[in-house]
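Chemist: Questions regarding the structure given below will be posed in turn.
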Amino acid sequence: MLLRLLVVHVGPMSGYPVPPHFQVRSLARTEQTKKLDTRLFENMRKVRGRWGFDGVTERGVTANCNMKAGMDVEEFCKYVEDCIVPLYPDAADDPGKRMLLIVDSGPGRTQVEMLARLRTKGIYVKPGVPNTTHITQPTDQNYGMFKSIYRSNLKLLTQHTTSIKHTSIPSLLVFGGDYSNECIVLCHLESAFDEAFSHDRNQEVWRKLGFYPFTRSCLLDAKVKHEVVL
């Protein structure tokens, strides 16, 4: 099972992370023949956030599949409209109700039909500048920590099991917890998601990049800003 985790931060600038989305590899060529292994969702916990609701609520992880386990045009459009839009029921194309969705510059980010549908709902998509996401993209600032903990979890798990089909493996790698065999706890794993995408960590990243408060400090980075002396 090939998994790719996608976590996107969208406004308001509160610090709440969007629930993880998993892209799974599938050799199916039509929507009718696509299938997701239900074991992917076993022991997955929900993520707390406010997003576009009146108070803090909980939402579960999401998943889809394609042949490359990646975000092509079709998958990206489905992800945004099926997974992101429902988190913001209060979005509208009116002052004070608009929502900015900051994404990278990958496939589907300029898909006209999707952008038009989102615009009518007050959701504005802003792709980042290519080759600068490691400086200007908020989520990229979180992924270093996430990948480090995820890899540590994977290394620890492989010392105790060689079966990636164990029902708790995907959840343990992302959310951490005790890995047990016949009621015996063999190891404890950290939550890569909670550590890397915590409320405080997200707010720290927003401040660093100059998104909140809005100082645009990331644009002053030498890898982004270039001056020409005439």
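Chemist: One residue is enough: does the range 86-108 have a residue meeting the conditions in contact with a Phe, Trp or Tyr (Cβ under 8 Å, 6 or more places away or on another chain), on the phi > 0 side of the Ramachandran plot and not aromatic (Phe, Trp, Tyr)?
Modeler: Checked against the condition, which is being in contact with a Phe, Trp or Tyr (Cβ under 8 Å, 6 or more places away or on another chain), on the phi > 0 side of the Ramachandran plot and not aromatic (Phe, Trp, Tyr), the range 86-108 yields at least one hit.
Chemist: Among the residues of the range 96-128, write down those that are open to solvent by 90 Å² or more (accessible area, probe 1.4 Å) and either farther than 16 Å from GLU75 by Cα or in a helix (DSSP H, G or I) (or both).
Modeler: From the range 96-128, those open to solvent by 90 Å² or more (accessible area, probe 1.4 Å) are 97-98, 110, 112-113, 117, 119-120, 126; that's our starting set.
Within the range 96-128, LYS97, ARG98, VAL112, GLU113, ARG117, ARG119, THR120, LYS126 meet the criteria.
Chemist: Something else about it: Does any residue of the range 68-85 turn out to be touching a residue at least 24 places away in the same chain (Cβ under 8 Å), farther than 24 Å from THR120 by Cβ and under 15 Å from the mean Cα position of the chain (by Cα)?
Modeler: yes
Chemist: Considering every residue within the range 59-69, establish whether at least one is closer than 24 Å to LEU209 by Cα and out of contact with any Asp or Glu (no Cβ under 6 Å at 6 or more places or on another chain).
Modeler: From the range 59-69, those closer than 24 Å to LEU209 by Cα are none; that's our starting set.
Within the range 59-69, not a single residue is closer than 24 Å to LEU209 by Cα and out of contact with any Asp or Glu (no Cβ under 6 Å at 6 or more places or on another chain).
Chemist: Any residue at all in the range 58-76 that is modelled with pLDDT of 90 or more, over 21 Å from GLY177 (Cα atoms), assigned to a helix (DSSP H, G or I) and open to solvent by 30 Å² or more (accessible area, probe 1.4 Å)?
Modeler: Yes: the range 58-76 contains one or more residues that are modelled with pLDDT of 90 or more, over 21 Å from GLY177 (Cα atoms), assigned to a helix (DSSP H, G or I) and open to solvent by 30 Å² or more (accessible area, probe 1.4 Å).
Chemist: Identify, by number, the condition in (1) of a type in the set (A, V, I, L, M, F, W, C); (2) assigned to a helix (DSSP H, G or I); (3) in contact with a Leu (Cβ under 8 Å, 6 or more places away or on another chain); (4) under 23 Å from PHE41 (Cβ atoms) that CYS218 doesn't meet.
Modeler: Among (1) of a type in the set (A, V, I, L, M, F, W, C); (2) assigned to a helix (DSSP H, G or I); (3) in contact with a Leu (Cβ under 8 Å, 6 or more places away or on another chain); (4) under 23 Å from PHE41 (Cβ atoms), CYS218 violates only (4).
Chemist: Just to verify a result, which residue in the range 40-49, among those that are open to solvent by 80 Å² or more (accessible area, probe 1.4 Å), in a loop (DSSP other than H, G, I, E, B) and modelled with pLDDT of 90 or more, is farthest from GLY122 (Cα to Cα)?
Modeler: In the first step, residues of the range 40-49 are kept if they are open to solvent by 80 Å² or more (accessible area, probe 1.4 Å); the result is 41, 43, 45-46, 48.
If we keep only those that are in a loop (DSSP other than H, G, I, E, B) too, we end up with 43, 45-46.
Now narrow it down to the ones that are modelled with pLDDT of 90 or more: 45-46.
Details: ARG45: 30, LYS46: 27 Å.
In this case the residue turns out to be ARG45.
Chemist: To continue, here is another question. Step by step: first the residues of the range 150-183, then only those that are part of a helix (DSSP H, G or I), open to solvent by 20 Å² or more (accessible area, probe 1.4 Å) and aliphatic (A, V, I, L, M), then the one that is nearest to MET44 (Cα to Cα). Which residue is that? Give the steps one after another, and end with the answer.
Modeler: Pass one, the range 150-183, residues part of a helix (DSSP H, G or I): 150-158, 169-175.
When the remaining residues are screened for being open to solvent by 20 Å² or more (accessible area, probe 1.4 Å), the result is 150-152, 154-156, 158.
From what's left, aliphatic (A, V, I, L, M): 154, 156.
On the way: LEU154: 17, LEU156: 19 Å.
If we take residues in the range 150-183 being part of a helix (DSSP H, G or I), open to solvent by 20 Å² or more (accessible area, probe 1.4 Å) and aliphatic (A, V, I, L, M), then LEU154 is nearest to MET44 (Cα to Cα).
Chemist: Could you tell me which residue of the range 184-215 is nearest to the chain's Cα centre (by Cα), considering only residues that are part of a strand (DSSP E or B) and among the β-branched types (Val, Ile, Thr)?
Modeler: Within the range 184-215, the first condition is being part of a strand (DSSP E or B), and the residues that meet it are 184-189.
From what is left, the residues that are among the β-branched types (Val, Ile, Thr) are 184-185.
On the way: ILE184: 33, VAL185: 30 Å.
Per the criteria, the residue is VAL185.
Chemist: Within the bounds of the range 157-168, is there any residue that is closer than 25 Å to ASP200 by Cβ and in contact with a strand residue (DSSP E or B) (Cβ under 8 Å, 6 or more places away or on another chain)? Give the derivation first.
Modeler: From the range 157-168, those closer than 25 Å to ASP200 by Cβ are none; that's our starting set.
Within the range 157-168, not a single residue is closer than 25 Å to ASP200 by Cβ and in contact with a strand residue (DSSP E or B) (Cβ under 8 Å, 6 or more places away or on another chain).
Chemist: If you don't mind, there's one more thing I want to ask. Out of all the residues in the range 134-144, which are touching an Asp or Glu at 6+ places or on another chain (Cβ under 6 Å) and either over 30 Å from GLY108 (Cα atoms) or open to solvent by 30 Å² or more (accessible area, probe 1.4 Å) (or both)?
Modeler: The one that is touching an Asp or Glu at 6+ places or on another chain (Cβ under 6 Å) and either over 30 Å from GLY108 (Cα atoms) or open to solvent by 30 Å² or more (accessible area, probe 1.4 Å) (or both): HIS134.
Chemist: Shifting gears a bit: Is it the case that some residue within the range 86-95 is assigned to a helix (DSSP H, G or I), surrounded by fewer than 17 Cβ atoms within 10 Å (Cβ to Cβ) and more than 13 Å from the chain's Cα centre (by Cα)?
Modeler: Let us first name the residues in the range 86-95 that are assigned to a helix (DSSP H, G or I), namely 86-87.
Retained after the next criterion (residues that are surrounded by fewer than 17 Cβ atoms within 10 Å (Cβ to Cβ)): 86.
Next, only the ones that are more than 13 Å from the chain's Cα centre (by Cα) stay: 86.
Checked the range 86-95: at least one residue is assigned to a helix (DSSP H, G or I), surrounded by fewer than 17 Cβ atoms within 10 Å (Cβ to Cβ) and more than 13 Å from the chain's Cα centre (by Cα).
The values are calculated or read from the model by the stated rules, or taken from the named source; none is laboratory data. All figures in this text were calculated on a predicted structure; none of them were measured in a lab. In this analysis, Cβ positions are derived from the backbone assuming ideal geometry, glycine residues included, and neighbour counts consider all displayed protein chains. When the accessible area is computed, the model is the full protein with side chains, heavy atoms only, and any ligands, DNA or RNA have been set aside. Shrake-Rupley method; radii C 1.70, N 1.55, O 1.52, S 1.80 Å.
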